[in-house]
Amino acid sequence: MLKIKYFVQQSWLLVVSAFMFGLLIAVTNAALIDRINANNANKVTDKLKSLIPDADEFSKQESITIKSQQQSNVDVEIYKAVSDGQCQGWAFKAFGAGFADKITLIVVVDKSFEKIVGFSVLASNETPGFGDRISNSFYRDQFAGAPTEKLNLVKVGDADEIDSDIVAISGATVSSQAVVDIINNTMLQLKIKMLEKGMIQDE
Amino acid sequence: MSSNENKVSSTLLAGLWKENPVFRLLLGMCPVLAVTAACKPALTMGFCVIFVLVCSNIVVSLMRNLLKPHLRILMFTLTIATFVTIADLLLKAFQPEMSTALGPYVPLIIVNCIIIGRAEACASKNDLLISIVDAISMGTGFTITLCVLAAVRELLSTGKIFELTVLPTVEAGGWFVPWTAMMLPVGAFVTLGLGLAIVNVICKKKQA
């Protein structure tokens, strides 16, 4: 009995404040969670808007399961860009290993899944000044209009020529290769799956 | 009464120079090295630290007479972790861009030794007023130092301060060749080292 009294004497402050602090965090969380979720959703929509300015609505489609680069099953989020009831293109989230950390991209393709419209980096932790140039126009612009076939990374080439050859960023070959691999892996599998599902037509 | 006023004003000034947390006490090196690549994240980090420091100093000062000596560090950590979590949520809600830029360094404020150091050295021994003044002083000193280091690094690595162009870079048709290294960790160590050297020289001169 004495022991219990001793424990309570020693720890009552800790127990009481743990409850109080927990309550404080819960209240703050409840007050802000809607805003935080809205921010996260806006981030994706803003990036999509900048890639397809014509579309006025992005409807989230059923996720499609594909094999990741490590051969495990992953779900890919797909968005359909719509304007005046017409499909303007498709967007999907693609992710994989970068140089330092996971890279998450959002890739936009046209409505028949034949040409890439562009991509945008949602999250990455590449080396500042080198790898993070994957979001610069020199590298990114090469994807706009490229065919949705297997893309290759080349070290020397004409960056202005739009084809399936992507010229690497000097000093950041690994990051450049990572983006190409991520897009290849997700895009090629999605194309097949979406054709099977009849979401897009082969012409 | 006047001795109390003296204590308040000396506490207020201590954090800015004499006991500057970065240059004199060498505390909180993790954010100093990690988030000073640009001014905006550095300033945001500074404000987060001020917020957490003030809140935790208030709470610790209020419960200082109830603390059991062997459980005090536990109580400090619990208090600090609570306010850091709140700061993190606030940042995510109102400054989502900065929240992404700072990444894991906001939750890492929990282990920032400035805050636990002030709880231990000041708030657990002094009344509410002194604790708040101390928190503001230390927090401001930390924020200013962070911004100075960040300004040097941002200027040399991009030619900009607070994203405003100061030195026109070669890419934009100017003359300044950006030092990419200043954006990398090496830039953080070099800038901090030079900053420490300058402060030490000034202090030695003052003593002599």
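Would you kindly derive the ³J(HN,Hα) couplings of the range B:45-59 from the backbone phi angles with the Karplus curve 6.51 cos²θ - 1.76 cosθ + 1.60 (θ = phi - 60°), listing them in order in whole Hz, with x for Gly and Pro?
My calculation for the range B:45-59 gives 4, x, 5, 4, 5, 4, 4, 5, 4, 5, 4, 6, 5, 4, 5 Hz in order.
Just to be sure I understand: with springs between alpha-carbon atoms less than 10 Å apart, which residue in A:S120, A:S72, A:S175 has the highest mean-square fluctuation in the Gaussian network model of chain A?
A:S72
From the Cα trace of the protein assembly as shown, what convex hull volume per residue do you get, rounded to a whole Å³?
207 Å³
Taking H as built 1.01 Å from N, whose amide H comes closer than 5 Å to the amide H of A:I169, not counting residues under 5 places away?
A:S176
Averaged across the residues of B:171-182, what count of C-beta atoms belonging to other chains lies within 10 Å of each residue's C-beta?
The mean count of partner-chain Cβ atoms within 10 Å per residue comes to 1.
Mind pulling the angle between the C-alpha long axis of helix B:72-94 and the longest principal axis of chain B? Nearest 10 degrees, somewhere in 0 to 90.
40 degrees
Between the helical axis of B:128-158 and the dominant principal axis of chain B, each derived from Cα atoms, what acute angle in degrees is found, rounded to the nearest 10?
10 degrees
Could you grab the relative contact order for chain B? Cα pairs under 8 Å, six or more apart, rounded to a whole percent. Working shown, then result.
Values: 269 pairs, mean separation 66.6, N = 208.
Over chain B, the number comes to 32 percent.
Using Cα-Cα distances under 8 Å and only pairs 6 or more residues apart, what relative contact order does chain A have, in percent? Walk me through the intermediate numbers first.
Values: 327 pairs, mean separation 28.3, N = 203.
About 14 percent, as a whole number.
So which residue, out of B:L90, B:L16, B:L27, gets the largest mean-square fluctuation from a GNM of chain B using Cα contacts under 10 Å as springs?
Highest fluctuation among the options: B:L90.
For A:Q70 paired with A:L188, estimate the spin-label separation in nm (one decimal), with each label point 7 Å from Cα along the Cα-to-Cβ line.
Reported label-point gap for A:Q70 and A:L188 is 2.1 nm.
Can you give the mean number of other chain Cβ atoms that lie within 10 Å of the Cβ atoms in peptide A:36-46?
Across the residues of A:36-46, the mean count of other-chain Cβ atoms within 10 Å is 2.
Cα-based Rg of the range B:2-207 per 2.2 N^0.38 Å, rounded to two decimals?
1.11
Taking Cα pairs under 8 Å and at least six residues apart, what relative contact order does the range B:90-207 come out at, in percent? The partial results should precede the final answer.
Values: 64 pairs, mean separation 16.1, N = 118.
Once normalised by length, the contact order is 14 percent.
Can you list residues from other chains, or at least 5 along the same chain, whose modelled amide H is less than 5 Å from the amide H of A:E57?
For A:E57, whose amide H was placed from the backbone, the distant partners under 5 Å are A:V82.
Expressed as a whole number of Å, what is the distance separating the alpha-carbon centroids of the range A:1-80 and the range B:1-79?
29 Å
In whole Hz, with x marking every Gly and Pro, tabulate ³J(HN,Hα) for the range A:49-60 from phi via Karplus 6.51 cos²θ - 1.76 cosθ + 1.60, θ = phi - 60°.
4, 6, 7, 10, x, 5, 6, 10, 8, 10, 9, 6
Is the range B:1-118 best put as rounded, prolate or oblate by its Cα gyration tensor, with a ≥ b ≥ c the root eigenvalues, rounded for a/c under 1.5, and otherwise prolate when a/b is larger than b/c, oblate when not?
Because a/c hits 1.5 or more and a/b fails to exceed b/c, the range B:1-118 counts as oblate.
List every residue whose amide H lies under 5 Å from the amide H of A:K115, counting only residues 5 or more places away in sequence or on a different chain, with H placed 1.01 Å from N in the peptide plane.
HN-HN under 5 Å from A:K115: A:D110, A:T148.
Could you tally the net charge around A:E57, taking each other residue with its Cβ under 10 Å from the Cβ of A:E57, Lys/Arg +1 and Asp/Glu -1?
Charge balance in the 10 Å sphere: -1.
Bin width 10 Å, alpha-carbon pairs only: give the P(r) of the range A:1-51 as whole percents, running from 0 to the bin holding the largest distance.
Going out from 0 Å in 10 Å bins, the range A:1-51 shows 21, 23, 19, 15, 12, 7, 3, 0 percent.
Across the residues of B:88-95, average count of Cβ atoms on other protein chains within 10 Å?
Other-chain Cβ atoms within 10 Å of each residue's Cβ, averaged: 5.
State, to one decimal in nm, how far the label point of A:S137 lies from the label point of B:F47, with both points 7 Å from Cα in the Cβ direction.
3.1 nm
Please give the charge dipole size of the protein assembly as shown, origin at the Cα centre, charges +1 on K and R Cβ atoms and -1 on D and E Cβ atoms. Round to the nearest 20 debye. Kindly include the intermediate steps, with their values, before the conclusion.
Details: 35 positive and 35 negative charges, 510 e Å.
Here the protein assembly as shown has a charge dipole of around 2440 debye.
Cα axis of helix B:2-14 to longest principal axis of chain B: angle in degrees, 0 to 90, nearest 10?
Long axis of B:2-14 versus the principal axis of chain B: about 30 degrees.
Show me, for the range A:170-181, the HN-Hα J-couplings you get by feeding each phi into the Karplus relation (A = 6.51, B = -1.76, C = 1.60, θ = phi - 60°), rounded to Hz, glycine and proline as x.
Working through the residues one at a time gives 5, x, 9, 5, 5, 5, 4, 5, 4, 4, 4, 5 Hz.
In nm, give the distance between the simple-model label positions of A:A18 and A:D101, each being 7 Å from the Cα along the Cα-to-Cβ direction.
Each label point lies 7 Å from its Cα, and together they span 3.1 nm.
Between rounded, prolate and oblate, where does chain A land on the alpha carbon gyration tensor, with a ≥ b ≥ c its root eigenvalues, rounded for a/c under 1.5, else prolate if a/b exceeds b/c?
Prolate, since a/c reaches 1.5 and a/b exceeds b/c.
Values in this text are rule-based calculations from the coordinates and carry no lab data. Every value quoted in this text rests on a predicted model; they were computed, and no experiment measured them. Note that we place each Cβ from the backbone using ideal geometry, even for glycine, and neighbour counts take in every protein chain shown.
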